[in-house]
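Trainee: Got a structure for you, questions after.
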Amino acid sequence: MPDQNRFAFGENWASFLSSLDRVAVDEARRSLQRLLQTDSLSGKCFLDVGSGSGLFSLAAVQMGACVTSIDLDPNSVRCTQDLRDRLRDRLGDFLASSDVDLSDDVSERWQVQSTSVLHQDAMRQLGTFDVVYSWGVLHHTGDMDRAISMAAERVAPGGQFAIAIYNDQGGGSRRWLAIKRGYHRLPVWLRPIYVGLVASVYELKFALARLASGRNPLPFQDWKLKKRDRGMSAWHDWVDWVGGLPFEVAKPESVILPLVQEGFRLENLSTVGSGWGCNEFVFRLR
């Protein structure tokens, strides 16, 4: 029986893919390049844990990697497969920015599986990878610390481990948990209205902050920057944020220290300070 408190991430991703364009694809690729601090993944094996829409798996393929995408959500698996098939069948204009010749069978270069990061045997069967990537996923598993550990075990010696985890704001995070639980108590038809109301309150706060600092209070520039950063539309990001359960958070040090003890070295770190959102980490296994 489905968990009624687990957000339907795959449904949101399917809606996002219906309006996917070249701009989002290119921005996702640039975002991945910035995070990993490289322009090419040629010859690398890349594991995308919680692939969602498949957008960043696509970016990794375009950068030259052989990619394995996994997700627990059936709709997310279908989204990733659909995006892979669109690339294979030359549907859309995604090929123009690829670093590699994709005239071979894309299905061999890009594998998609229905797997949970918490399933120990299934994860071990995947083998190890030069890059293990999981952006904004492991805090939604219901067992974040174990999920981070399980994903980290798939990193090959010398490989990179790139993750993004919700920042622990203390009381602010507890308020967001209450907001998320409120979303799941509502009937499905009321949820978009609820998202709109929550987003409106926060967008008003952001507008006032921009105005107080002498900036244009309208949100369009911030929305443009969000799309530039992750290729994500503002609306789908709000739906994901307001509805996203399970929900766990962590301070940067509580992510960094256990992984350092397991032989990882921190290579790249981007935090949101005391704010809300995801802290980004890139480690390398010694």
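The values are calculated or read from the model by the stated rules, or taken from the named source; none is laboratory data. Every value quoted in this text rests on a predicted model; they were computed, and no experiment measured them. Using ideal geometry, Cβ is built from the backbone for each residue, glycine included, and neighbour counts are taken over all protein chains shown. Areas reflect the complete protein model, heavy atoms only, side chains present, ligands, DNA and RNA absent. Shrake-Rupley method; radii C 1.70, N 1.55, O 1.52, S 1.80 Å.
Trainee: Assess whether ARG22 counts as being basic (Lys, Arg), at pLDDT below 95 and surrounded by 20 or more Cβ atoms within 10 Å (Cβ to Cβ). Before the answer, list the steps.
Mentor: Numbers: basic (Lys, Arg): yes; at pLDDT below 95: yes; surrounded by 20 or more Cβ atoms within 10 Å (Cβ to Cβ): no.
For ARG22, the condition - basic (Lys, Arg), at pLDDT below 95 and surrounded by 20 or more Cβ atoms within 10 Å (Cβ to Cβ) - is not met.
Residue-by-condition table, conditions (1) under 15 Å from ASP168 (Cα atoms); (2) open to solvent by less than 20 Å² (accessible area, probe 1.4 Å); (3) touching a Cys at 6+ places or on another chain (Cβ under 8 Å):
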residue: VAL242; (1), (2), (3): no, yes, no
residue: PRO246; (1), (2), (3): yes, no, no
residue: PRO252; (1), (2), (3): yes, no, no
residue: VAL255; (1), (2), (3): yes, yes, no
residue: GLU262; (1), (2), (3): no, no, no
residue: VAL272; (1), (2), (3): yes, no, yes
residue: TRP276; (1), (2), (3): yes, no, no
residue: ARG284; (1), (2), (3): no, no, no
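Trainee: Only one of ASP82, ASP93 is at pLDDT below 95, in contact with a Leu (Cβ under 8 Å, 6 or more places away or on another chain) and of a type in the set (Asp, Glu). Can you tell me which? Can you show your working first?
Mentor: Details: ASP93 fails: in contact with a Leu (Cβ under 8 Å, 6 or more places away or on another chain).
Unique residue meeting the criteria: ASP82.
Trainee: Given the criteria without any contact (Cβ under 8 Å) to a residue 60 or more places away in the chain and within 15 Å of HIS236 (Cα to Cα), does VAL188 qualify? Can you show your working first?
Mentor: Working: without any contact (Cβ under 8 Å) to a residue 60 or more places away in the chain: yes; within 15 Å of HIS236 (Cα to Cα): no.
No, not satisfied.
Trainee: Does SER149 satisfy the criteria of being at pLDDT 90 or above and small (Gly, Ala, Ser)? Don't jump to the end; show me each part of the working.
Mentor: On the way: at pLDDT 90 or above: yes; small (Gly, Ala, Ser): yes.
Yes, satisfied.
Trainee: Kindly indicate which of SER53, SER57, SER42, SER76 is surrounded by fewer than 24 Cβ atoms within 10 Å (Cβ to Cβ) and either out of contact with any Pro (no Cβ under 8 Å at 6 or more places or on another chain) or part of a strand (DSSP E or B) (or both). Can you show your working first?
Mentor: Working: SER53 fails: surrounded by fewer than 24 Cβ atoms within 10 Å (Cβ to Cβ); SER57 fails: surrounded by fewer than 24 Cβ atoms within 10 Å (Cβ to Cβ); SER76 fails: surrounded by fewer than 24 Cβ atoms within 10 Å (Cβ to Cβ).
Going through SER53, SER57, SER42, SER76 in turn, just one is surrounded by fewer than 24 Cβ atoms within 10 Å (Cβ to Cβ) and either out of contact with any Pro (no Cβ under 8 Å at 6 or more places or on another chain) or part of a strand (DSSP E or B) (or both): SER42.
Trainee: Would you check which residues across segment 60-73 are within 22 Å of ALA156 (Cβ to Cβ), out of contact with any strand residue (DSSP E or B) (no Cβ under 6 Å at 6 or more places or on another chain) and either of a type in the set (Asp, Glu) or assigned to a helix (DSSP H, G or I) (or both) and list them? Give the steps one after another, and end with the answer.
Mentor: Taking segment 60-73 as the starting set, the residues that turn out to be within 22 Å of ALA156 (Cβ to Cβ) are 60-71.
Narrowing the set further to residues that are out of contact with any strand residue (DSSP E or B) (no Cβ under 6 Å at 6 or more places or on another chain) leaves 62-64, 71.
Within segment 60-73, GLN62, ASP71 qualify.
Trainee: Continuing with the same structure: Could you please tell me which pairs satisfy a Cβ distance under 6 Å, a separation of 6+ or placement on different chains, a first residue in segment 40-52 that is within 18 Å of GLY158 (Cα to Cα), and a second residue that is in a loop (DSSP other than H, G, I, E, B) and open to solvent by less than 20 Å² (accessible area, probe 1.4 Å)?
Mentor: Every condition considered, the pairs that remain are SER40/MET63; SER40/GLY64; LEU41/MET63; LEU41/GLY64; LEU41/ALA65; SER42/GLY64; LYS44/ALA65; PHE46/ALA65.
Trainee: Tell me, which helices (runs of 4 or more DSSP H) lie completely within segment 110-217 with 2 or more residues that are of a type outside the set (Ser, Thr, Tyr), open to solvent by less than 20 Å² (accessible area, probe 1.4 Å) and more than 30 Å from LEU41 (Cβ to Cβ)?
Mentor: Details: elements: 120-126, 144-152, 171-185, 191-212.
Correct list: 171-185, 191-212.
Trainee: In segment 1-19, how many residues are open to solvent by 80 Å² or more (accessible area, probe 1.4 Å) and either modelled with pLDDT of 85 or more or in a helix (DSSP H, G or I) (or both)?
Mentor: In the first step, residues of segment 1-19 are kept if they are open to solvent by 80 Å² or more (accessible area, probe 1.4 Å); the result is 1-6, 11, 18.
This time we only want the ones that are either modelled with pLDDT of 85 or more or in a helix (DSSP H, G or I) (or both), so: 11.
Result for segment 1-19: 1.
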